[in-house]
1. Divide by every residue of the chain the summed helix terms, -39500 (n - 2.57) for each DSSP H run of at least 4, and state the resulting mean residue ellipticity at 222 nm, rounded to the nearest 500 deg cm²/dmol.
2. At a threshold of 8 angstrom on Cα-Cα distance, excluding pairs fewer than six apart, so keeping six or more, what relative contact order does the chain reach in percent?
3. Specify the angular offset, from 0 to 90 degrees and rounded to the nearest 10, of the alpha carbon long axis of helix 5-30 from the longest principal axis of the alpha carbons in the chain.
4. Under 1.5 on a/c is rounded, so check that first for segment 1-58, then, if it is not, pick prolate when a/b is larger than b/c and oblate when it is not; a ≥ b ≥ c are the square roots of the alpha carbon gyration tensor eigenvalues.
5. Cβ neighbours within 10 Å, averaged per peptide: list 131-141, 5-15 in order, most packed at the top.
6. Relative to the longest principal axis of the chain, what angle (0 to 90°, nearest 10) does the C-alpha long axis of helix 32-42 take?
7. What list do you get for 122, 103 if you sort them by fewest beta carbons within 10 Å?
8. Calculate the translational D of segment 5-143 in whole µm² s⁻¹ from Stokes-Einstein, where the hydrodynamic radius comes from the Kirkwood formula applied to all Cα pairs, the temperature is 10 °C and the viscosity 1.306 mPa s.
């Protein structure tokens, strides 16, 4: 049995993606009022649900990111992260169509308004998570769940 360089590279991509979501979720937890203001600014949720969204979303990002970094249930983590990013992408597109000029509330390295940059970032994150999910799915079918080794040709 051997571990290929491709598997190490793909596992590195999982760790980086997990780290990004862990960091983004942590920023939202550390700055809950700013995140709540960003969610309110989208004007898509009733005020009674804003607290639930601002309390739950960051912890989902943190848990999925941390588990992905640790290699725990990677397919579940990737599916959750792809779903979150798809939802964020839809929300950003709706907000752009409505003409709102608001901060995206993404929680990454800098603040920016909803716009093309946020759409492109979310599209890349979605393709990244979905691609890794399909890789994990095909790998588990070939080697069995949880295996990082491949048999030598």
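1. -26000 deg cm²/dmol
2. 31 percent
3. The angle comes out near 30 degrees.
4. Prolate shape, in that a/c is at least 1.5 and a/b is the bigger ratio.
5. 131-141, 5-15
6. Taking the Cα atoms of the chain, the angle to 32-42 is about 70 degrees.
7. 103, 122
8. Answer, rounded: 102 µm²/s.
Laboratory data are not the source of any read-out in this text; all were calculated from the coordinates shown. Everything numeric here is computed off the predicted structure, so don't read it as measured data. When we count neighbours, we look across all protein chains shown, and the Cβ atoms used for this are built from the backbone with ideal geometry, even at glycine.
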